Amino acid sequence: MRAWIVDRPGPLGTGPLRLVGRPVPEPGPGEILVAVAACGVCRTDLHLAVGELPPRRHGVTPGHEVVGTVTALGVGATRFALADRVGIAWLRGTDGTCDFCRRGAENLCRAPLFTGWDADGGYAEYATVDERFAYAIPAGLGDAEAAPLLCAGIIGFRALRRAALPPGGRLGIYGFGASAHLAAQVAMYEGATVHVMTRSAEARRLALELGAASAQGTAEEPPEPLDAAILFAPVGELVPVALRALERGGTLAVAGIYLTDIPAIVYEPELFYEKNLRSVTANTRADGEEFLRIALAASIRVVVTPYPLGRADEALRDLAADRVEGAAVLVV
């Protein structure tokens, strides 16, 4: 099969990804083998390729927004049948026994495994996954449209919940790519007013088209104080900017796995008046199940820019340069 690997992490111009031939993997006990139909291109994959997120092993295949069909069952795998359509997401495994897993916070597991980082992901024609961590894909979602939901969507959804947006509140979104355009639609479906701050003129156009109340430059002030905000852009300099835009008691959730350094925060006006700064770490399977139900009920529009599997390196370059509208998706 064809598969991309992270060969030499570094600047995209140095070719950190390489397309290779590999045997089709065998599903282990409790695992399923998935013929990949589509795989979303996540900013985490970009951080992995350029070395901002150190690879856990050499030659790993990235990609953790995978949609495909079950083609083989490992010993003891009974949850899915052959030809079922399933999704593979970022969270690949947990120990199930640590204090965080026991209290329902498996996203904070002390010994987790992640798709496309610890084990091979979906930038390939086939991938395996523990059936307990796979998702059934609703029939109303196409392959390319469903793929970004499995990380961009789920993480954006968790970030929205971490932002503690009150009912009917005013939400600010900083950066407007794959995750942000999905989280914004969930927020609006639930009655929020959304203001978007992003450097891309095309992203501002898309935000307004999807129903945002306003869209302006990244460092510009929103037209009204925010009850909550989510930072999707991996830019630490925007943390004080977003905190200043919050109303008293507001919360800023930082959604990315990677963030450049945060400059000094001035206690007043950036953090005083019980403002909150929170990070977001992975997700639980419950997050994923709830988000997929809401995405279907809300008829969320997933904006995708498709690429053939053989052009994964180009998709990452376009993502880095903000040339992707919505979410980039590899189509196999």
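Values in this text are rule-based calculations from the coordinates and carry no lab data. What you see is a predicted model, and the numbers here were worked out from it, not measured in a lab. So basically every Cβ, Gly included, is an ideal-geometry build from the backbone, and we count neighbours across all protein chains shown.
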Across 20 Å bins from 0, what is the distribution of all Cα-Cα pair distances for the chain, in whole percents?
33, 58, 9
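Let me have the relative contact order for the chain, percent, based on Cα pairs under 8 Å that are six or more residues apart. Walk me through the numbers before you get to the answer.
Details: 820 pairs, mean separation 60.9, N = 332.
Worked out over the chain, it gives 18 percent.
Any chance you could tell me what percent of the C-alpha pair distances in region 86-235 go past 20 Å?
That tail contains 56 percent of the Cα-Cα pairs.
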Quote the charge dipole size of the chain about the Cα centre in Debye, to the nearest 20; the model charges only the Cβ of Lys and Arg (+1) and of Asp and Glu (-1).
280 debye
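I'd like the chymotrypsin sites (Phe, Trp or Tyr not before Pro) in region 206-301 restricted to DSSP loop residues with at most 16 other Cβ atoms within 10 Å, sorted by number.
Numbers: sites: PHE232, TYR258, TYR267, PHE272, TYR273, PHE291; in loops: PHE232, TYR258, PHE272, TYR273.
When the chymotrypsin sites (Phe, Trp or Tyr not before Pro) of region 206-301 are filtered for loop state and at most 16 Cβ neighbours within 10 Å, TYR258, PHE272, TYR273 remain.
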Modelled label-to-label distance, GLU190 and ALA219, 7 Å Cα→beta-carbon offset: nm?
3.2 nm
Let me know the volume per residue of the alpha-carbon convex hull for region 154-279, in Å³.
86 Å³
Between THR14 and ASP118, the two model label points (7 Å from Cα along the beta-carbon direction) sit apart by a distance in nm of 2.8 nm
Note to self, the chain gives a 222 nm [θ] from helices alone (DSSP H runs n ≥ 4, -39500 (n - 2.57) apiece, / all residues, nearest 500) of -6500 deg cm²/dmol
Please give the residues of region 161-195, grouped as numeric ranges, whose backbone N is less than 15 Å from a label point set 7 Å along the Cα-to-Cβ vector of ARG278.
161-167, 169-172, 187
If you line up the long axis of helix 178-189 against the longest principal axis of the chain, both from Cα atoms, how many degrees apart are they, to the nearest 10?
60 degrees
Expressed as an acute angle from 0 to 90° and rounded to the nearest 10, what is the orientation of the C-alpha long axis of helix 152-162 relative to the principal long axis of the chain?
40 degrees
GLU268 to ALA298: extension gain in nm, 0.36 nm per residue of separation minus the Cα-Cα distance?
6.9 nm
Over region 154-279, calculate the relative contact order: mean separation of alpha carbon pairs under 8 Å at least 6 apart, over the residue count, as a percent.
25 percent
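Could you tell me what a quarter of the Cα convex hull surface of region 252-316 works out to, in nm² with one decimal place?
Details: hull surface 32.1 nm².
Seen from a random direction, the Cα hull of region 252-316 projects 8.0 nm² on average.
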About the Cα centre, charge dipole magnitude for region 154-279 (Lys/Arg +1, Asp/Glu -1 at Cβ), debye
320 debye
